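Scroll down for the structure; my scribbles are underneath it.
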Protein chains: 4
Amino acid sequence: MTLKNKIPVGILGATGSVGQKFAELLAHHPWFEVKELAASERSAGKLYKHAANWILNSEMPKELAEVTVKNCEPNLNCKIVFSGLDSSIAGEVELAFAKAGYVVVSNSKNHRMDTDVPLLVPEINSDHLKLIEKQNFNGGCIVTNPNCSTIGLAIALKPLHDIFGLEAVNVVTMQALSGAGYPGVASLDTIDNVIPFIGGEENKVETEPLKILGTLKNNYIQYIDLKISAQCNRVSVVDGHLECIQVNLKTKADEKEIIEAWRNFLGEPQKMNLPTAPLRPIYYFDEEKYPQPRIHRSLDKGMAVSIGRLRKDNLFDYKFVILSHNTVRGAAGGALLCAELMKGKGYFDQFLKEKSKEAVNHGIN
Amino acid sequence: MTLKNKIPVGILGATGSVGQKFAELLAHHPWFEVKELAASERSAGKLYKHAANWILNSEMPKELAEVTVKNCEPNLNCKIVFSGLDSSIAGEVELAFAKAGYVVVSNSKNHRMDTDVPLLVPEINSDHLKLIEKQNFNGGCIVTNPNCSTIGLAIALKPLHDIFGLEAVNVVTMQALSGAGYPGVASLDTIDNVIPFIGGEENKVETEPLKILGTLKNNYIQYIDLKISAQCNRVSVVDGHLECIQVNLKTKADEKEIIEAWRNFLGEPQKMNLPTAPLRPIYYFDEEKYPQPRIHRSLDKGMAVSIGRLRKDNLFDYKFVILSHNTVRGAAGGALLCAELMKGKGYFDQFLKEKSKEAVNHGIN
Amino acid sequence: MTLKNKIPVGILGATGSVGQKFAELLAHHPWFEVKELAASERSAGKLYKHAANWILNSEMPKELAEVTVKNCEPNLNCKIVFSGLDSSIAGEVELAFAKAGYVVVSNSKNHRMDTDVPLLVPEINSDHLKLIEKQNFNGGCIVTNPNCSTIGLAIALKPLHDIFGLEAVNVVTMQALSGAGYPGVASLDTIDNVIPFIGGEENKVETEPLKILGTLKNNYIQYIDLKISAQCNRVSVVDGHLECIQVNLKTKADEKEIIEAWRNFLGEPQKMNLPTAPLRPIYYFDEEKYPQPRIHRSLDKGMAVSIGRLRKDNLFDYKFVILSHNTVRGAAGGALLCAELMKGKGYFDQFLKEKSKEAVNHGIN
Amino acid sequence: MTLKNKIPVGILGATGSVGQKFAELLAHHPWFEVKELAASERSAGKLYKHAANWILNSEMPKELAEVTVKNCEPNLNCKIVFSGLDSSIAGEVELAFAKAGYVVVSNSKNHRMDTDVPLLVPEINSDHLKLIEKQNFNGGCIVTNPNCSTIGLAIALKPLHDIFGLEAVNVVTMQALSGAGYPGVASLDTIDNVIPFIGGEENKVETEPLKILGTLKNNYIQYIDLKISAQCNRVSVVDGHLECIQVNLKTKADEKEIIEAWRNFLGEPQKMNLPTAPLRPIYYFDEEKYPQPRIHRSLDKGMAVSIGRLRKDNLFDYKFVILSHNTVRGAAGGALLCAELMKGKGYFDQFLKEKSKEAVNHGIN
């Protein structure tokens, strides 16, 4: 599975919290190798170990500590960049990179809803990748990853949508602190407290799934016809977004059928055996106290969605609880899986060729 | 407002967390004076300071520390008892007290839904008190206080129900640790975590408001016709239940009208100026990040309901957030207000007479 | 006790966390009335309710919400100012105010160790106030309040110093989040964590007590001869600094004598019955699990020091645990007590005269 | 490194928190294989998945979920047992197993200070293992693991003791919640709080290192001559005990020499390359804000001790901060390392022989 000559990649916004997570997940990756770190002018020119205030529990990857951070300008020695840029600048910077021929896999919100940009969850809509053909960027392109609260929701909804049809979805989230980046939320605002507001979040959860679950027709995404309501809260949890979901289904289904639909669900990443893919995208728990953030967020490399408490509801057909790791599945890990999907589907063959005849000749070993 | 000869009262389950809160709130009460403390056999015979593992932030009231705890048997020297008994025994013990002629004001769930027992929120349904005439207990009676998550919800719904009519109510709660008593939830289950399950809670929230908002007809409570769905979660907060609410109204209303309905709402306790009544039952906050548990739970003596974030919803007419103090408004304080309502309406005149001619002659000074 | 014509005062740094605490504690103060709020240029010109991101649990005092915040320039309509200024500017601004004839009661560190500035804990060294005669400021002066970790320590040490003599003091603190101001510590740094470092803090705890416990001789403070070692940690607590203390005493003392020394300790504020003075500066708890931050920080208006667990030590004579509220006793409340001491000792008579003949004629009513 | 025929082992107290940690760490162990789970009568006869309320973040090892839990009686099909028994019964049960010929590797306190029982930290005192020859148990024996706060401390002290000599050690701990087992500390006692008391803990920290660092002479441990003082606090942290340490050394040393002593320190487990041994027992951090529990507790499999903030002290020669994972290095992981040491030194050869000729013939592959 490990490539002899790994594909060089870069990280935009490498010093931020998402950028760090990219760095962590890409260490020892079988296909990709981080060669370039780029960040704001304040960091450019410094060694990564000096520029980044490392906030993850793991140690900073040794091979990156001594790398000099560059500016976020499209002159990096790689053709694929992962973007953890702040949305205040991501829009322009990512566009500049795409125009210069880079593949930009972005976790930022700026281009998610662009008509020619795939909003990708590889288990759900790998066919949406074709949208990038609409992007006239001389070989470059932008691919995006949904909002951290949306991804888990969309994965949980996908089998229901496919098998029973969805009519309405109601969501109340309890989101982790890491979703706000670093320094993010002040400790005085979260200890012994809940904040019932996250700026801009509810709108994302209410709209992004419509595109993700949408259908590719004539190189255009037709949104599904579905009403979603979202209420978003910040709770005192390090990682792991918990969501209380209610759904109306188009066709009747009993609990057993729904749970089976979740447990049987597999997507392209599982079939293609992508390195970061979870063995199963969804785990259903029978214990009524599960899932819980601290217990289940890291399940299956932090890439799985945990579901529990499916039961009939007074107002909707069913209600249940889902959990997913917001910085892994919901951010850097999800974006990485998008890149792996592209690699698996041959989108990066050009870069492999450029990089090394040997790798192409011998393939994956 | 202070009675010269206060009415002696007792606390059943005095060593538990609700019992302690009763003891705290009744210290320096202008009308009531705690004369009797009763608890389980394990505590009986001990001084209160030795029997109770005091868990509140305040200090144990000095005048109670040296009181000897008695058994929960109906031979206490008082005619009114507040019950914070565990539901495993509250049913029988409260009945025994009522049959022996005691007024039992209970925070336990056991008798809440009995057809002849008022489920009282004084701001909402003070007329339900008449139900106790159906209780044939030789002068004794049982009056109950709703579940801690129900009370705030019911108060927030009352003005909407009265003015616009309610068709559907959806609730997702984020409940405080103190709601589980002491020792209650293990610290390892709540640090960096949320528990998406509270045994029996959802059913209470879905049914109790139907009775509370119901109509007294022919000495019988006709439940309102309303569908409520509840999902209950335990979060790492000391006190204060936060709830995300969605409602469908029977008649059209704009945001301004709804907020006005809340801000103008006053109940019997406000009109009668009861000692524990909040100045206003409901406070609406315009800041979109409010209400928050640590900031607003103690508002107006912990007896007010804080509301915020009213906004249009994709699936229901409106959504908003409410907060109320679960051990004050939602438990001991709410029950105390029930007793004050009874006193204010003359139900305790008999005990005043028995207790002291002087007090009756001179009235409240 | 309430003055008919209260003394007008101002708050410098009114929008910060210490400034807000000043505003909260001065609301309804019997002697002082906040007339002026001053802060940085960013806030100047705005109403206080718009300029300050109110972070306290109480509501912003209504009478201040509509006050327009001014610049920190010495042209305020009052003669006494409380300073909660950031240390980056406090040094110069406070000096400017003093030179312009203002009495500056400061919680900032800048002038604490100046030879002509009292570092005041009213229970300990009220005589140090005389130092201000050395300040040649045309009637103005600077009086300072110690560091939040120092105050509780100094109060606990004072009776030991007076009765038994101190030879060595070892301190390890576990300090609350509010000590770092707002936004202060990031939530991701404190949840499920302890930070074993607080910049500059250890030095303050090791030196300030030497001056506070020092002796006024010839209008000069002679520091006591004492070695103090401090290690400072930040823990996940809202308010209340807990400290593990070890001491060597000059003369033998048994536990009973030490506890008695603490329990009997009274200072000038108690004798003068100052409004913000605690009834007793020190409370000793016999329960071995006490004191605890959430339980005891607000004891006696948050102005008392709680002590517990006195026991013999293997390396020092004794060890024990102390707790004090860092934003009340350790900051705004402590500074307010300094001002009350000055008022009680007649230092503000001039301002009273200026303000109102009536008040002087009738005195305190 | 993986044995073809692993050595069967059992876990006593398998359903408790330490027992679960043993089960987690022994899953996929290259040498040992859990064959027997034993617990109290309440659990005996049930499947492990039903008997144990699994509290770890990992999932229960699948191969154990279906194992039937047995009583803690010495008729288990294995010769080596790891004991996570509660101290109320560990004394007798462990003795019974030893007398019946079992090797008992215990994390319980009961036999730690017995003169013929090694109190083992493999990096420090592997020679103490010889003590078990004094135990006349027909081939059985008891080996113990120190208290969770002691281990990190002892490892940090060992190089200082060897190179510079120790004269005095002062310790203040901030200990994690998991140290109290499950349910352990109530959430209401730890949220927004610190508990400055842990029953029995201070005594263990003050005495156990004297034995661990002691010298084996004539098959007897001569304690080192050292005064230790300990103060123990419980903080709101899941895992990881942080300790503020002060030391007096017998010979002069500068910071550089001390840090070098720590960084160069290696013990038997490193030299023998034991499976659970950390690469290095001690990591020293130059950043003054490190070590921190959430960041560093899992360093090097949770088996390393993290040290930081070495600096000169006013009362002692030096002060510094240490951190170690209390349930891994400080409990189950530490005990497992003891068993690996015994295996490495040939103590289990007899069991290998009994178990499998093949394994002996082919050795470790």
Assuming R0 = 41 Å, can you tell me the calculated FRET efficiency for the pair B:LEU216 and D:ASN53, based on Cβ-Cβ distance, to the nearest 0.05? 0.35
Which whole-number percent of Cα pairs in region D:1-134 have a distance greater than 27 Å? 18 percent
Given a Förster distance of 35 angstrom, what is the FRET efficiency for B:GLU260 paired with B:ASP86, based on the Cβ-Cβ distance and rounded to 0.05? 0.25
Alpha-carbon gyration tensor eigenvalues x 5, square-rooted, for region B:143-275, Å: 28, 17, 16
Search the structure for amide H atoms under 5 Å from the amide H of D:LEU310, placed 1.01 Å from N in the peptide plane, and list their residues when 5 or more places away or on another chain. D:VAL321
Please report, for A:GLY45, the nm distances (one decimal) from its label point, 7 Å out from Cα along the beta-carbon direction, to the equivalent points in the remaining copies, shortest first. 3.4, 7.6, 8.1
Just to be sure I understand the model, the point goes 7 Å from the Cα along the line to the Cβ. What's the resulting B:LYS130 to B:ALA27 distance in nm? 4.1 nm
Assign unit charges at the C-beta atoms only (+1 for Lys and Arg, -1 for Asp and Glu), then state the dipole size of region C:15-146 relative to its Cα centre in Debye, rounded to the nearest 20. 160 debye
Projecting each Cα onto the charge dipole of chain A (Lys/Arg +1, Asp/Glu -1 at the beta carbon, about the Cα centre), which of A:ALA253, A:VAL9, A:PHE82 comes out farthest on the positive side? A:VAL9
Normalised by the empirical 2.2 N^0.38 Å for globular proteins, what value does the Cα Rg of region C:145-194 take? 1.56
With eigenvalues of the C-alpha gyration tensor scaled by 5 and rooted, region A:217-330, Å: 22, 21, 16
Within straight cross-link reach of A:LYS109, meaning Cα distance under 15 Å, which aspartates and glutamates are found once same-chain residues fewer than 8 apart are removed? A:ASP86, A:GLU92, A:GLU94, A:GLU201, A:GLU202, A:GLU206, A:GLU208
Calculate, axis by axis, the spread of Cα positions in region A:182-244 along the three principal axes, and write the results as whole Å, longest axis first. 51, 23, 18
Just to be sure I understand: chains A and D are related by a rotation, so which residue of A has its Cβ closest to that axis, and how close in Å? A:ASP192, 2
Treating only the Cα positions of region A:54-205 as identical point scatterers, give the base-10 log of I(q)/I(0) from the Debye formula at each q in 0.09, 0.15, 0.18 Å⁻¹. -0.39, -1.00, -1.24
When Cβ neighbours within 10 Å are restricted to other protein chains, what is their mean count per residue of peptide B:312-319? 5
Region C:245-322 - percent of accessible surface contributed by carbon and sulfur, probe 1.4 Å: 46 percent
Mind checking the per residue accessible area of chain A for me, 1.4 Å probe, whole number of Å²? 36 Å²
Taking the Cα centroid of region C:90-140 and of region A:221-294, what is the distance between the two, rounded to the nearest whole Å? 63 Å
Which value, to two decimals, describes the C-alpha radius of gyration of chain C once divided by 2.2 N^0.38 Å? 0.96
Order by protection proxy (mean Cβ within 10 Å, highest first), peptides C:145-158, B:210-223, A:91-104: C:145-158, A:91-104, B:210-223
Those aspartates and glutamates that a straight Cα-Cα span of less than 13 Å connects to C:LYS6, excepting residues fewer than 8 apart in one chain: C:GLU33, C:GLU340, C:ASP349, C:GLU354, C:GLU358
Hydrodynamic calc, the protein assembly as shown: Kirkwood Rh from Cα pairs, then Stokes-Einstein at 4 °C with viscosity 1.567 mPa s, so D in µm² s⁻¹ is 37 µm²/s
Once amide hydrogens are built 1.01 Å from N within the peptide plane, the residues lying 5 or more places from D:ILE11 or on another chain with amide H under 5 Å from its amide H are D:GLU36, D:LEU37, D:ALA38, D:PHE82
Taking the Cα centre of the protein assembly as shown as the origin, how large is its charge dipole in debye, to the nearest 20, when only Lys and Arg (+1) and Asp and Glu (-1) carry charge on their Cβ atoms? 0 debye
Remind me, relative contact order of chain B in percent, using alpha carbon pairs under 8 angstrom and six or more residues apart? 18 percent
Taking B:ASP225, D:ASP286 and ranking on accessible area (1.4 Å, protein atoms only), highest first, one gets B:ASP225, D:ASP286
Across B:LEU37, B:LEU56, B:LEU131, the residue with the highest GNM fluctuation in chain B (Cα network, 10 Å cutoff) is B:LEU56
Rounded to one decimal in Å, the inverse mean reciprocal Cα-Cα distance for region C:89-162, i.e. its Kirkwood radius, is 12.7 Å
Determine the relative contact order of region B:53-179: mean sequence separation of Cα pairs under 8 Å and six or more apart, normalised by residue count, in whole percent. 21 percent
GluC sites (Glu not before Pro), restricted to region B:209-292: which are DSSP loop and have at most 15 other Cβ atoms within 10 Å? B:GLU287, B:GLU288
Region C:229-266: which residues show an accessible-area loss of 10 Å² or more, assembly versus chain alone, 1.4 Å probe? C:SER229, C:GLN231, C:ASN233, C:VAL235, C:SER236, C:VAL237, C:VAL238, C:LEU242, C:CYS244, C:GLN246
So for chain A, taking the charge dipole from beta-carbon charges (+1 Lys/Arg, -1 Asp/Glu), which of A:LEU25, A:MET113, A:THR215 sits furthest toward the positive end? A:LEU25
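Classify region B:11-80 from the C-alpha gyration tensor, please: rounded if a/c falls under 1.5, else prolate or oblate depending on whether a/b exceeds b/c.
The shape class here is oblate.
What is the interface area between chains A and B, defined as buried accessible area summed over both chains with a 1.4 Å probe, reported in Å² to the nearest 100?
For A against B, buried area totals roughly 3700 Å².
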Along principal axes, largest first, the alpha-carbon spread of region C:30-70 in whole Å comes out as 31, 23, 14
Using a 1.4 Å probe on the protein chains only, how many percent of the accessible area of region C:85-161 belongs to carbon and sulfur? 46 percent
Number of Lys pairs in region C:219-365 with C-alpha atoms less than 24 angstrom apart, excluding same-chain neighbours closer than eight positions? 25
Reachable aspartates and glutamates from D:LYS99, criterion Cα separation under 15 angstrom, eight or more residues apart if same chain: D:GLU73, D:ASP116, D:GLU133
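The values are calculated or read from the model by the stated rules, or taken from the named source; none is laboratory data. Bear in mind the structure is a predicted one, so any value in this text is a computation, not a measurement. Counting neighbours? That spans all protein chains shown, and the Cβs are built from the backbone with ideal geometry, glycine included. Heavy atoms of the whole protein, side chains included, go into the accessibility calculation; ligands, DNA and RNA do not. Shrake-Rupley method; radii C 1.70, N 1.55, O 1.52, S 1.80 Å.
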